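K.L.:
Here's a structure for you.
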Ligand SMILES: Nc1ncnc2c1ncn2[C@@H]1O[C@H](COP(=O)(O)OP(=O)(O)OP(=O)(O)O)[C@@H](O)[C@H]1O
Ligand SMILES: Nc1ncnc2c1ncn2[C@@H]1O[C@H](COP(=O)(O)OP(=O)(O)OP(=O)(O)O)[C@@H](O)[C@H]1O
Ligand SMILES: [Mg+2]
Ligand SMILES: [Mg+2]
């Protein structure tokens, strides 16, 4: 009998978080291919939006897809191409970034980037007593980055928390290291640092450590990298909390899609993963020492 | 030593000789098609090949311009960012004009795109020629500038095209004319024009002369500055055309649009047989090069041999092998 | 024969003449320092300058190698990926050897890094020279290959160095010797060695000759293949040294390590006064170029003039202006 | 009356007075040219009349080429003015001069190697039909123009692939393509052989007949004597004078140029030739250029290679020395050796001086010292470190030995005059101290006084027990210095002459005719 084909289209592993996505997607594919003989999960990564569109065309041109699980690069750019696939009768699961036309999505599973920024901001406000100087490191100019920053900035509005500086560090530890060194040289008093991704936080921490400065009370990241979660578990003073944005959501999505395809229970709708703060109390749940991320 | 041999090696006209160098890219293309078929028979399906060739249209169109720049002895690293910048401008203007002009916003927007392309190309050209800065550095600089401008225009996010234009604009990428996808037709027209200008006009000769030997060109009364600047302007026009075709495909411009296309474009040109040091341009080879690159990427997706992580490595190896085959097929 | 030579006073070797072209990068550096101070007095603080120069050490070290490759008429786009790959290999081996060797894993790992660098450089060199492939394309290919290999080695994530080595290794980046940060010392040594080889040895002569005119070099009995390959091997060694300094900075290698360094390296070399077409190398200019690049980035952060979106644009503009100043300061 | 006497007083052959007889087509007045502090030309005034062949002669570095570049817009004068038909002109670019009707054939070949012959010929003035370049017509015109000069290259061949002589003819054809008022030839015959020279001279006479003014620079004084209506002599950038051409003998010309008495051109022959074979080459094949060539040169012998353009002499030796693909069985001093690259040749003690000094001989952008020692790096700089002081000494020595005229030791090789570049190249090759010296066109562009010196060098070399092969297109030169001459035609050796059979007519016959019945050989 013909196998049911599920294509998984995700960004290429170009930094820590996407690497986590690739890791979990492949893990899911391996487990499902072994467990369900009549299902075939194919994982394809693409290094850019345009490549992702190409990959969709290629996958759908060469075989009939029963389902597509996609983590789109950007919403706008992928909407039409995904619609084209849906029009061929494919079940569409969208992960993380919603398409601009929500009716295309049979199943939508998302993290909440605004909440990532907002929750971090809330914690900072509370911890610093509503006032202080903050520097921020942004990632690559994309929607994710934009939403996180928006969540953060909207939340601190009206408080005495002041953003001294905000610059791009491209979700890259090296650039974050340099940027943090420069922030430290420029601003004599910094209370807190927020790097909206843990790769960048690693660079920040090195720079702070090297400077020997004691004014920095908080250095927070985001995404739930294992090294950072470990810090939370260990009760690190500077990084006491973490916001998860688990790359494992792709795995959840693949499983749900399979369930829809082979199971008797139709799975439809809109699932939003929360971005609760990871604290020392619950950190163990978020710790995956074997993941590359 | 008295015998006087008569065997006179006749000097041959090279004119009609078959040249392996020229045929190289097309051979490589053929080999790739055969390999592709062996890996996955679907590879040669009309849909798949149609998709791949349509996709290669952008790079092909830009690479036609790059053939001019490179054969005139220049280089342009800014084309990828320029695509993003021009796509951004085009969308912005189209969206602005929709309320007043309705669907007429599309052709007017296209004209604005072309104008923007010409101006960007002119800027590159003048910095390189009048400013006498190494093309590599000059266009690396403008690459940063264009990329920053699109980031600024999008506030780090995306500029989507107005919904009301979407459907009307779609055919520019997705439509067909007489069964042939529109982007393929457009790139064919661009290539034909490019080949005509490069091979059949005085400007084409000047371009090659400037790339081959600046001194000789100058002494022959050819303005090196003018010729090379015009090459950059042509490049700008090609980028604009590519951007105009690109917009309907993804319906938006983002700060990551067109990233690293410059490398693909240059690779296509070189695989096509144009020498990076200038003096020789091969439009048709360039087109073959663009298709080859897209085919390799397609093959990577269709085959299941390679770990996701190693795709780039395999692509690198294939490109190097393709170049080696070309070199030693003589 | 009356020696007419004597009637004209024989001027001496140019040796002691002041050359604006050569001084260009250093002037640009000086201007930048003054501007920086005007913008933000903290700019000239010891800590800040120390940080910036230390940071520029990697690019400087790699750029010394690139000066050889470029002055011999080559180009290497793979250096950024090569740093990541070698850093990955180094960490992997060090971690593997810790149980057996303890802290000795560090020097042994460094030796392995150097070996890996030499081999990577050799591979690049052979593809370019024996394979006769345009350096641009050949090293673009190996760039993809190295990048894919490090992605594969890290599973797309990071390879962190063993905790037990971390503290012992840290001083290689963070330490000072006689008050001077170790990376600055290392890059000074590399630059001195590079300058010695390029200016004071036979090999340096050959390198410049091959870059200036391959035919003349060949007719003078210089092996173009050997000379250029060695330049790539030197480049590999420099990359290895940079990687060895890099590892202690963040204690890990990731698939994004060294991304786009190749462009920075080439920019540093060209800003330093080395011509991309080969034949002339300026080690000290290169070092100045590397520092200039890092200073510009630093200045962008320290000044408050520019929107975060436009930083890249301003950098591009400054680089172009710096080159223009150099060109027209004569 | 000796010329010396004439020069001293204002006697019979006084320099022609400044006022021209007819209206000058081109007039240069008070021209000076300085590079930095170096004066290359000072206060040169010259009238060029229509239909006149005006030769400019002078030693290497006298400023001839600079003057010509100045007349044709490649260089701007520091002082002085140009006028054409009475009106002031000022050229800042060569195309302005061309538009005004002045064309220059450069001393150094200036063509784009990556382009075809036709493309080069029509560069910047392509023929078009309705805006489209008319390749067919251009090729036809090119072929016709080249045929007129006796050049047989295909109009579609890449310039990079044709011989130096053919390139020179292409360059000449390029200058003759349009109708000009003044055509300037800067050493056009340096790379040409007898037959081509004759053709060129015929073309020049035809230009004259059409009323075109011709300026002609050459170190081959016989040509000057045959052609020139007037001869202007430059010495160290200054005008010595203008003389009516037919009244000067070659010796007199030489004397005016140099400003003193000259010794004999060819050195006294010494019987140093031995029968001990030094270099022997068997069955050399260079695909496309030479088939099955064998020869031997002995210790103390000067062996000449004669032939027309395209005979394949250069390629034969490049093939033998591993500079291009080819096979040969080579014995050096009786033991077989293999040569795969120039390095191996140098190490074995074989030196080769290329005919293409600009493209293959010197790094034009490099200073003189590094150029001088480039071939001899291994022996000159033992160890790894460069011996700069030794290099500087060697340069000073070479400048003195080879009489390289320069204004400063710090100049780049490309700033030397053509002849002085040639001397530097010779010094470079001899610095490797080879035991067999192969010299391709030894005196290309060398003035008469220095020619004599180079000949005596060659004589000295064989005197030291070396062997020397001289490839030359000047038959007189071969006859003057060689012990024996091999003649090549179309890639094979068509004959050998020595002793009394070593005459111009015999060599020319062997070099050209299909089936030459030439008395070969001779008695020693
Ligand atoms: N660009 C330059 N810079 C400095 N000196 C120069 C430059 N060009 C030429 N010269 C010098 O000008 C002098 C005259 O050179 P020119 O080429 O005119 O001589 P020439 O008479 O043509 O000699 P030859 O017979 O050897 O060709 C030489 O000493 C040369 O070194
Ligand atoms: N582009 C070409 N393609 C094929 N054969 C060529 C080409 N150019 C020259 N030849 C052939 O090469 C041979 C040698 O040419 P070349 O003129 O270099 O000889 P040469 O004896 O060194 O002449 P000279 O030294 O006087 O220039 C001739 O047989 C000629 O027909
Ligand atoms: Mg001259
Ligand atoms: Mg020859």
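K.L.:
If each of residue C:42 and residue C:260 carries a label point 7 Å out from its Cα toward its Cβ, how far apart are those two points in nm?
P.N.:
2.4 nm
K.L.:
Then there's this: Taking a ≥ b ≥ c as the square roots of the Cα gyration tensor eigenvalues, with a/c under 1.5 meaning rounded and otherwise prolate when a/b beats b/c, else oblate, which class fits chain A?
P.N.:
Values: a/c = 2.28, a/b = 2.07, b/c = 1.11.
Judged from the Cα gyration tensor, chain A comes out prolate (a/c at least 1.5, a/b above b/c).
K.L.:
Would you list the P(r) distribution for the stretch D:277-512, with all Cα-Cα distances sorted into 10 Å bins from 0 and each bin expressed as a whole %?
P.N.:
8, 32, 37, 19, 4, 0
K.L.:
While we're looking at this one, here's another question. Under the convention of a label 7 Å out along Cα→Cβ, give the distances in nm from residue C:260 to the same position in every other copy, shortest first.
P.N.:
1.3
K.L.:
Report the per residue volume, in Å³, of the convex hull enclosing the C-alpha atoms of the stretch A:46-144.
P.N.:
Details: hull volume 10.5 nm³, N = 99.
Considering the Cα atoms of the stretch A:46-144, their hull volume per residue is 106 Å³.
K.L.:
Return the inverse of the average 1/r over all pairs of distinct C-alpha atoms in the stretch B:62-103, which is the Kirkwood hydrodynamic radius, in Å to one decimal. Provide the component values of the computation, followed by the final result.
P.N.:
Working: mean 1/r = 0.0821 Å⁻¹.
Computed over Cα pairs of the stretch B:62-103, the Kirkwood hydrodynamic radius comes out at 12.2 Å.
K.L.:
With equal scatterers on the alpha carbons only and no solvent term, can you work out the Debye log10 of I(q)/I(0) for the stretch D:109-179 at 0.13 1/Å?
P.N.:
Listed by q, the Debye log ratios stand at -0.31.
K.L.:
What is the extension gain from residue A:102 to residue A:87, computed as 0.36 nm multiplied by their sequence separation minus the C-alpha to C-alpha distance, in nm to one decimal?
P.N.:
Values: separation 15, 0.36 × 15 = 5.40 nm, distance 1.44 nm.
That pair, residue A:102 and residue A:87, stretches by 4.0 nm at full extension.
K.L.:
What fraction, in whole percent, of alpha-carbon pairs in chain D exceed 44 Å separation?
P.N.:
Numbers: 21102 of 137026 pairs.
When every Cα pair of chain D is considered, 15 percent fall beyond 44 Å.
K.L.:
Any chance you could give the angle, 0 to 90 degrees and rounded to 10, that helix A:49-62 forms with the longest Cα principal axis of chain A?
P.N.:
With both axes taken from Cα atoms, the answer is about 20 degrees.
K.L.:
Which percent, to the nearest 5, of DSSP beta bridges fully inside chain D are antiparallel?
P.N.:
Working: 44 of 81 bridges.
Rounded to the nearest five, the antiparallel share is 55 percent.
K.L.:
Could you give, in nm with one decimal, how far residue C:31 is from each other copy of that position, shortest first, with labels 7 Å out from Cα toward Cβ?
P.N.:
From this label point to the equivalent ones elsewhere in the assembly: 5.0 nm.
K.L.:
What are the extents of the Cα atoms of the stretch C:225-330 along their three principal axes, in Å, largest first?
P.N.:
49, 44, 19
K.L.:
Something else now. Would you mind ranking A:46, B:72, D:456 by Cβ crowding within 10 Å, fewest neighbours first?
P.N.:
Values: A:46 21, B:72 33, D:456 18.
Starting with the residue having the fewest Cβ neighbours, the order is D:456, A:46, B:72.
K.L.:
Helix D:388-401 versus the longest principal axis of chain D: what angle, 0 to 90°, nearest 10, using Cα atoms?
P.N.:
70 degrees
K.L.:
Compute the Cα gyration tensor for the stretch B:104-162, then decide on rounded, prolate or oblate, letting a ≥ b ≥ c be the square roots of its eigenvalues: rounded whenever a/c is under 1.5, prolate when a/b is larger than b/c in the other cases, and oblate in all that remain. Could you put the intermediate results ahead of the total?
P.N.:
Values: a/c = 4.75, a/b = 1.56, b/c = 3.05.
Oblate is the answer for the stretch B:104-162, as a/c is 1.5 or above yet b/c matches or exceeds a/b.
K.L.:
Which one, A:172, A:282, A:66, has the greatest fluctuation when you compute a Gaussian network model over chain A with C-alpha springs under 10 angstrom?
P.N.:
In this elastic network of chain A, the residue with the biggest mean-square fluctuation among A:172, A:282, A:66 is A:282.
K.L.:
Another question about this same structure. In a solvent-free Debye calculation with one equal scatterer on each Cα, what is log10 I(q)/I(0) for the stretch A:231-293 at q = 0.24 Å⁻¹, listed in the order of the q values?
P.N.:
Values, matching the q order: -1.03.
K.L.:
What's the average, rounded to a whole number, of partner chain beta-carbon atoms within 10 Å of each residue's beta-carbon in B:267-276?
P.N.:
Details: counts 5, 0, 1, 6, 2, 0, 0, 1, 2, 5.
Taking all residues of B:267-276 together, the mean is 2.
K.L.:
Quick check on the stretch D:368-524: of the DSSP beta bridges with both residues there, what percent are antiparallel, nearest 5%? List each step's numbers first, then the result.
P.N.:
Details: 6 of 12 bridges.
Once the DSSP bridges in the stretch D:368-524 are tallied, antiparallel ones form about 50 percent.
K.L.:
Taking chain B as a Gaussian network, Cα atoms linked when under 10 Å apart, which of B:113, B:30, B:231 shows the biggest mean-square fluctuation?
P.N.:
The residue with the greatest mean-square fluctuation here is B:30.
K.L.:
Another one. Go through A:122-130, D:181-189 and give me the packing order, highest mean Cβ count within 10 Å leading.
P.N.:
Working: A:122-130: 16.4, D:181-189: 24.0.
Result, highest mean Cβ count within 10 Å first: D:181-189, A:122-130.
K.L.:
Count, for each residue of A:162-172, the Cβ atoms from other chains sitting within 10 Å of its Cβ, then give me the mean as a whole number.
P.N.:
3
K.L.:
From the square roots a ≥ b ≥ c of the eigenvalues of the alpha-carbon gyration tensor of the stretch A:18-59, which class results: rounded (a/c under 1.5), prolate (a/b over b/c), or oblate?
P.N.:
Judged from the Cα gyration tensor, the stretch A:18-59 comes out oblate (a/c at least 1.5, b/c at or above a/b).
K.L.:
Can you give the extra length, in nm with one decimal, that the chain gains between residue D:283 and residue D:384 once fully stretched, where that is 0.36 nm per residue apart less the Cα-Cα distance?
P.N.:
Details: separation 101, 0.36 × 101 = 36.36 nm, distance 3.91 nm.
Value of the extension gain: 32.4 nm.
K.L.:
Still on this model: Where does the stretch D:282-352 land on Rg/Rh, using Cα atoms and the Kirkwood Rh? Please report the intermediate quantities before stating the final value.
P.N.:
Values: Rg = 11.8 Å, Rh = 12.6 Å.
Rg/Rh: 0.94.
K.L.:
If we hang a label 7 Å off Cα along the beta carbon direction at residue B:42, how far is it from the matching labels on the other copies, in nm, shortest first?
P.N.:
5.7
K.L.:
Using R₀ = 35 Å, calculate the FRET efficiency as 1/(1 + (r/R₀)^6) where r is the Cβ-Cβ separation of residue D:344 and residue D:262; round to 0.05. Let's see the in-between values first.
P.N.:
Values: r = 41 Å, r/R0 = 1.17.
Between residue D:344 and residue D:262 the formula returns 0.30.
K.L.:
Could you give the C-alpha radius of gyration of the stretch A:87-131 expressed as a fraction of 2.2 N^0.38 Å, taking N as the number of residues it contains?
P.N.:
Here the answer is 1.82, to two decimals.
K.L.:
Could I ask something else about it? For the protein assembly as shown, what is the percent of antiparallel DSSP beta bridges, rounded to the nearest 5? Before the final figure, lay out the partial values.
P.N.:
Details: 54 of 131 bridges.
Restricted to the protein assembly as shown, the bridges split so that about 40 percent are antiparallel.
K.L.:
Here is a follow-up. Quick check: the angle from helix A:143-156's long axis to the longest principal axis of chain A, C-alpha only, nearest 10 degrees?
P.N.:
40 degrees
K.L.:
Next up: What ranking do D:482, C:207 get, fewest neighbouring Cβ atoms within 10 angstrom at the top? Numbers along the way, then the final one.
P.N.:
Values: D:482 24, C:207 31.
Ascending Cβ contact count within 10 Å gives the list D:482, C:207.
K.L.:
What 222 nm value per residue comes from the helices of the protein assembly as shown, counting each DSSP H run with n ≥ 4 as -39,500 (n - 2.57) and dividing by all residues, nearest 500 deg cm²/dmol?
P.N.:
-16500 deg cm²/dmol
K.L.:
I would also like to ask the following. Just need log10 I(q)/I(0) for chain C at q = 0.07, 0.10, 0.16 Å⁻¹, Debye formula, equal scatterers on the alpha-carbon atoms, no solvent, rounded to two decimals.
P.N.:
Ignoring solvent entirely, the Cα scatterers give -0.31, -0.61, -1.39.
K.L.:
Now, a different point. Would you mind giving the average projected area, over all directions, of the Cα convex hull of the protein assembly as shown in nm² with one decimal?
P.N.:
Working: hull surface 239.7 nm².
If you wrap the Cα atoms of the protein assembly as shown in a convex hull and average its projections, you get 59.9 nm².
K.L.:
Which whole number gives the average, over all residues in B:210-223, of C-beta atoms from other chains lying within 10 Å of the residue C-beta?
P.N.:
Mean inter-chain Cβ contacts per residue within 10 Å come to 6.
Computed from the coordinates by the stated procedures, all read-outs in this text should not be read as laboratory data. Here the structure is a predicted model, which is why all the values come from computation and not from measurement. Heads up, the Cβs are rebuilt from the backbone with ideal geometry, glycines too, and the neighbour counts pull from every protein chain shown.
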